[in-house]
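The values are calculated or read from the model by the stated rules, or taken from the named source; none is laboratory data. The structure displayed is predicted, hence computed values, not measured ones. Cβ: placed from backbone, ideal geometry, glycine included. Neighbour counts: every protein chain shown.
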Amino acid sequence: MTDEEIFERKKELFECAKCGACCSVPGYVFLNIKEAQTIARLLGISYGEFYDKNIRKAGNQHILKTPFSGGCIFWEDKMCTIYEARPSQCRTFPYWKELTGDHKEWKEIEKYCEGAKRIKF
């Protein structure tokens, strides 16, 4: 099997381990208005209250505010408190074009992501 075939197979076999490593690293979580409304409904609060408390603008984008420790504000007690309504950025990790199209990036993911580590060849 070539390196490229192995890489493609790893992407096919990936299954999230819900370890929270991707939720705990510093970075930004981008979301759109519909995603924010869905999260607000899940939390039982108005969109306006959710926005004021949890979102900030970065240019023309909306991002979740980041705690001082880094990571996601909804990662608590080793679980995602909005898992059912998490933004598409979270639902699609690690299948982002910039990650899946690059062997080096995938190797970086394997360093902290339990789901990626589980795939052995």
For segment 96-119, which residues satisfy the criterion of being out of contact with any Asp or Glu (no Cβ under 6 Å at 6 or more places or on another chain) and free of Cβ contacts under 8 Å to residues at least 40 places away in the same chain? TRP96, LYS97, GLU98, GLY101, ASP102, LYS104, GLU105, LYS107, GLU108, ILE109, GLU110, LYS111
Quickly run through segment 76-98 and pick out the residues that are of a type in the set (Phe, Trp, Tyr), surrounded by 11 or more Cβ atoms within 10 Å (Cβ to Cβ) and either at positive phi or modelled with pLDDT under 90 (or both). PHE93, TRP96
When you go through (1) within 12 Å of the chain's Cα centre (by Cα); (2) farther than 27 Å from ARG56 by Cβ one by one for SER88, which number turns out not to apply? (2)
Return yes when GLU105 is within 27 Å of ARG9 (Cα to Cα), assigned to a helix (DSSP H, G or I), among the charged types (D, E, K, R) and out of contact with any Lys or Arg (no Cβ under 7 Å at 6 or more places or on another chain) and no when it is not. yes
Any idea which residue in segment 45-75 is surrounded by the fewest Cβ atoms within 10 Å (Cβ to Cβ), counting only those that are over 17 Å from the mean Cα position of the chain (by Cα) and basic (Lys, Arg)? LYS57
Have a look at GLU8, GLU35, GLU15 and point out the one that is in a loop (DSSP other than H, G, I, E, B) and either out of contact with any strand residue (DSSP E or B) (no Cβ under 6 Å at 6 or more places or on another chain) or of a type outside the set (S, T, N, Q) (or both). GLU15
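Results for (1) of a type in the set (Phe, Trp, Tyr); (2) in a helix (DSSP H, G or I); (3) touching a residue at least 12 places away in the same chain (Cβ under 8 Å), shown as yes or no for each residue.
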| position | (1), (2), (3) |
| --- | --- |
| CYS19 | no, no, yes |
| ASP52 | no, yes, no |
| PHE68 | yes, no, no |
| GLY71 | no, no, yes |
| PRO94 | no, no, yes |
Which numbered condition GLY115 fails, given (1) under 27 Å from GLU4 (Cβ atoms); (2) surrounded by 12 or more Cβ atoms within 10 Å (Cβ to Cβ); (3) at pLDDT 85 or above: (3)
If only one of ARG86, ARG56 is out of contact with any Cys (no Cβ under 7 Å at 6 or more places or on another chain) and under 19 Å from PRO26 (Cβ atoms), which one is it? ARG56
Residues of segment 38-50 being in a helix (DSSP H, G or I) and of a type outside the set (Asp, Glu), which ones? THR38, ILE39, ALA40, ARG41, LEU42, LEU43, TYR47, GLY48, PHE50
